[in-house]
Amino acid sequence: MDFNSILNHSNGSIYWKELTGNWNVFVLKTNIAMQKLLNFKSIKHFGTRCVSTSKFFLEFNTRPSKKIHFSKNPVGLFGISELRGFEGFYLLKERCISRTDDLIAEAISQKRDRKIVEIFDELSDTLCKVADLSEFIRLSHPQANYSHAAEDACISISGIVEKLNTHRELFQSLKGVVDHGDKFSTTDIDNHVAKLFLFDFEQCGIHLEEEERKKVVHLNECILYLGQRFMSGAVNARSLNKNILPENIRHLFSIDGDKILVSGLYADSPNSLAREAAYRLYLYPDPHQEELLTDLINSRHELATTCGFPTYAHRALNSSTMETPENVKEFLEILSEKLRPRAQKDFDIMQKMKLSDGGLNSPLCAWDTPYFTSRMKNKYLQISSQATEFMPFFSLGGCMEGFNNLMKSLFGIRLENTEMDKGESWADDVYKLCVIDENNTLLGHIYCDFFERTGKPNQDCHFTIQGGKRLANGEYQNPIVVVMLNFSLGRWNPPLLTPSMVDNLFHELGHAMHSMLARTEYQHVTGTRCSTDFAEVPSVLMEYFASDPRVLKTFARHYQTQEPMPDEMLRRLCASKNVFSASETQLQVFYSALDQVYHGLPETHRQNTTETLKMVQEQHYGLPYVPQTAWQLRFSHLVGYGAKYYSYLCSRAIASWIWQEYFQKDPLNREQGEKYRYNCLLYGGAVPSRQLVSNFLGKEISAQNLANNLINEIDEHQANMKI
């Protein structure tokens, strides 16, 4: 019997109402009772066994519900008093406009009395506090009046930014300092952040002559429009006459009258013919998508050359870890060469699996690899795609307790779930965590929006609501972030997670802790506000912890009996995460190389994007191109990660390197955790990421070093696989 069921019996609400006649007393008494029952340890009885579970475990194994706050006025969303109602967005944006005008005047004044970078960072902070908050509420708030008011605020802030991007006097004030130095003493970090602000300015073409600047504005508008249309077309289902399919597989597809609807690749279908049909039909070349992608690539190249860059890739990689497309190309080529024989081993195993399925002598094809990867996990490791066998060992409370204990072990910090005030949250089932260090200093807040609901974006992500920064009075503006996931309770109470959900949880919390532990002077470079090819390092590194048996043993316990996961299950689980890692990495190299070629010199392109894809696939992937398909026309990441898709591989290589150097021997080592915190996470984006990583690892961040770490990891995985 759980705590809620106890309250629903003789000590429930009706009892207290009758006894006291006062609902306030009920709330007070039940809160006191809850504190006594949940204070650090609680005892649950299962048969004759007594199981001790922590307060943190119990809190996250109970989904938050609407609280009754008597005689309390709402504090407003995130504790912002203006947002007691949706009308408050109007006040926020008006104050933002007013403060922005004051800061512009200060920045261009000959009498300014502080560093130019401090003024620009306050300007950025003023805008981001409203823009980031409004964007999150626009996407996440279940009430239309709030989301509409937030959207209006977003539009207003965009207008302010456009105004700033054309303010030549403001630009000249910053450029003068970057080129000739400030009249106040500055540090290397000051200078680095000032250069980042200048580059952001110049991306809009403000440094160009008026006609060229207008051209840049027009090209940016075209790129936005083309990207939106391409992404929309990339997910459209394909409707075809049902007679195009053999009759024996039509029932596997959605049928509407005489039409079949192909909405994906059917990669998990055990029917080889159905997988092939879906692949060929869904990826059949779409002339309109081809036109959109070609125009997008050409517009990006024209934008880059207008702004003085050889290619769009050179523009996109400015201030990144890899720094130049030439470095990225070297990294990918080294990986490609080393991966080819290793990936072939994976393909050989898949080919044997296909033959054993009755595939006769048909070769392994692109539509087979996802299916046989899943089959490998299931057949050899007895783990299904849903992995329900493992779920009872991964209650949400257990996983959160495990993450909390990991943070204590590595950094000496703790997470505390705290009750929110009335009106502070946008939904009833959100948790609020305080992040506290060993000196009881509050480092920031993490709001955990973990459960699916109608209208909520179906994505796992991390939102910055307020960035950390040093204030003028010497105090620190603590970061506020939201971790958004989409766990479905279904029939499970408490919430039980699949292994992939555990990975996602640790990944997104890794982003959150990057935001919490970066103590930067400027919010423009706080936490995850760093180069794209470094931003994923802390989150990917957390996945290594979530895949290590020594870490999993600290929290993988049955939610009812608290029995630890058996070693044999633990071994199977960890092994399943590394199935066919060579071929999967080779696929990512192929994607990354294609992205670089598209955004490189036009003379390296073929007559259309599909012919370019065929060329790159021959160079970097072990399976042949399938004629009359155009996979790239479904690849929406080309919009959001143009010339930066390699960032995942780069971040993974760095995370792997850090893991091998610092944590592989002992993933709970406090000394190593402190080094990682104070020599890496602390700086956010305040130090160029290439320099930061080189200093932390004590070695040059070369293409060879990065590739070697990934290959070493893959070799270890293949050696440990017993197939």
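The values are calculated or read from the model by the stated rules, or taken from the named source; none is laboratory data. If you're wondering where the values come from, they're calculated on a predicted model, not measured in any experiment. Here the Cβ positions follow ideal geometry from the backbone for every residue, glycine too, while neighbour counts run over all protein chains shown.
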Check: Hey, Cys307 hits all of (1) buried (at least 16 other Cβ atoms within 10 Å of the Cβ); (2) under 23 Å from Gln588 (Cα atoms) but one; which does it fall short on?
Finding: (2)
Next item on the list: State whether one or more residues within the range 430-438 are assigned to a loop (DSSP other than H, G, I, E, B), surrounded by 18 or more Cβ atoms within 10 Å (Cβ to Cβ) and touching a residue at least 60 places away in the same chain (Cβ under 8 Å).
Entry: yes
Next item on the list: Scan the range 482-527 residue by residue and report those that are aromatic (Phe, Trp, Tyr) and in contact with a Phe, Trp or Tyr (Cβ under 7 Å, 6 or more places away or on another chain).
Entry: Phe487, Phe506
Checklist line | Answer residue from the range 230-277, given it is β-branched (Val, Ile, Thr) and part of a strand (DSSP E or B) and is farthest from Val626 (Cα to Cα) among those | finding: Ile255
Item checked: Cβ-Cβ under 6 Å pairs, at least 6 apart or on other chains, the range 638-662 side without any contact (Cβ under 8 Å) to a residue 60 or more places away in the chain and under 17 Å from Ile297 (Cα atoms), far side part of a helix (DSSP H, G or I) and of a type outside the set (Lys, Arg) -> Tyr645/Tyr591; Tyr645/Ser592; Tyr645/Asp595; Tyr645/His637
Margin query: Among the residues in the range 649-657, are any part of a loop (DSSP other than H, G, I, E, B), of a type outside the set (D, E, K, R) and more than 19 Å from Ser319 (Cα to Cα)?
Written below: no
Check: What number of residues in the range 522-566 are on the phi > 0 side of the Ramachandran plot and of a type outside the set (S, T, N, Q)?
Finding: 1
Checklist line | Selected residue (only one of Ser239, Ser185 is in contact with an Asp or Glu (Cβ under 8 Å, 6 or more places away or on another chain), free of Cβ contacts under 8 Å to residues at least 40 places away in the same chain and either of a type outside the set (A, V, I, L, M, F, W, C) or over 30 Å from Asp256 (Cα atoms) (or both)) | finding: Ser239
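Taking the condition over 25 Å from Glu210 (Cα atoms), among the hydroxyl-bearing types (Ser, Thr, Tyr) and assigned to a loop (DSSP other than H, G, I, E, B), does Ser65 pass?
yes
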Next item on the list: Specify which of the listed residues (Ser547, Ser515, Ser539) is surrounded by 23 or more Cβ atoms within 10 Å (Cβ to Cβ) and closer than 27 Å to Leu710 by Cβ.
Entry: Ser515
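Of all residues being aliphatic (A, V, I, L, M) and modelled with pLDDT of 95 or more in the range 386-426, which is farthest from Phe60 (Cα to Cα)? Just the residue, please.
Leu410
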Notebook entry, point to check: Of the numbered conditions (1) part of a loop (DSSP other than H, G, I, E, B); (2) surrounded by fewer than 18 Cβ atoms within 10 Å (Cβ to Cβ); (3) within 26 Å of the chain's Cα centre (by Cα), Lys644 satisfies every one except a single condition; which is it?
Noted result: (2)
Notebook entry, point to check: Has the range 534-554 got at least one residue that is among the acidic types (Asp, Glu), within 22 Å of Met391 (Cα to Cα) and modelled with pLDDT of 95 or more?
Noted result: yes
Item checked: Residue list for the range 661-707, filter: outside any helix (DSSP H, G or I) and surrounded by fewer than 17 Cβ atoms within 10 Å (Cβ to Cβ) -> Gln664, Lys665, Asp666, Asn669, Gly698, Lys699, Glu700, Ser702
Item checked: Residues of the range 165-174 classified as buried (at least 18 other Cβ atoms within 10 Å of the Cβ) and of a type outside the set (Gly, Ala, Ser), total -> 4
Next item on the list: Tell me which residues, restricted to the range 543-589, are over 30 Å from Leu638 (Cβ atoms), in contact with a Lys or Arg (Cβ under 9 Å, 6 or more places away or on another chain) and assigned to a loop (DSSP other than H, G, I, E, B).
Entry: Gln560, Thr561, Gln562, Glu563, Met565
Check: Are any residues in the range 662-692 under 26 Å from Thr324 (Cα atoms) and not aliphatic (A, V, I, L, M), and if so, which ones?
Finding: Asn679, Cys680, Tyr683, Gly684, Gly685, Pro688, Ser689, Arg690, Gln691
Margin query: Against the definition (within 18 Å of Leu433 (Cα to Cα), touching a residue at least 12 places away in the same chain (Cβ under 8 Å) and either under 13 Å from the mean Cα position of the chain (by Cα) or surrounded by 22 or more Cβ atoms within 10 Å (Cβ to Cβ) (or both)), how does Val483 come out, yes or no?
Written below: yes
Margin query: Checking Leu410 against (1) buried (at least 21 other Cβ atoms within 10 Å of the Cβ); (2) part of a helix (DSSP H, G or I); (3) within 21 Å of the chain's Cα centre (by Cα): exactly one of these is not met. Which one?
Written below: (3)
Next item on the list: Output the number of residues of the range 483-512 satisfying the condition of being in a helix (DSSP H, G or I) and either closer than 21 Å to Leu573 by Cα or in contact with a helix residue (DSSP H, G or I) (Cβ under 7 Å, 6 or more places away or on another chain) (or both).
Entry: 13
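This table checks each residue for (1) touching a Lys or Arg at 6+ places or on another chain (Cβ under 8 Å); (2) surrounded by fewer than 19 Cβ atoms within 10 Å (Cβ to Cβ); (3) under 17 Å from Cys307 (Cβ atoms); (4) assigned by TED's automatic domain parsing to the domain that holds Gly455.
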| position | (1), (2), (3), (4) |
| --- | --- |
| Arg112 | no, yes, no, no |
| Val117 | no, no, no, no |
| Ala144 | no, yes, no, no |
| Ala149 | no, no, no, no |
| Val161 | no, yes, no, no |
| Thr187 | no, yes, no, no |
| Asn191 | no, yes, no, no |
| Leu196 | no, no, yes, no |
| Val217 | no, yes, yes, no |
Margin query: As an exercise: evaluate Ala366 against (1) of a type in the set (Gly, Ala, Ser); (2) touching a residue at least 12 places away in the same chain (Cβ under 8 Å); (3) within 30 Å of Val193 (Cα to Cα) and give the number of the one condition it does not meet.
Written below: (3)
Notebook entry, point to check: Restricting attention to the range 33-84, and to residues there that are in contact with a Lys or Arg (Cβ under 6 Å, 6 or more places away or on another chain) and either in the same structural domain as Gln562 (by TED's automatic domain parsing) or surrounded by 13 or more Cβ atoms within 10 Å (Cβ to Cβ) (or both), which single residue is modelled with the highest pLDDT?
Noted result: Gly76
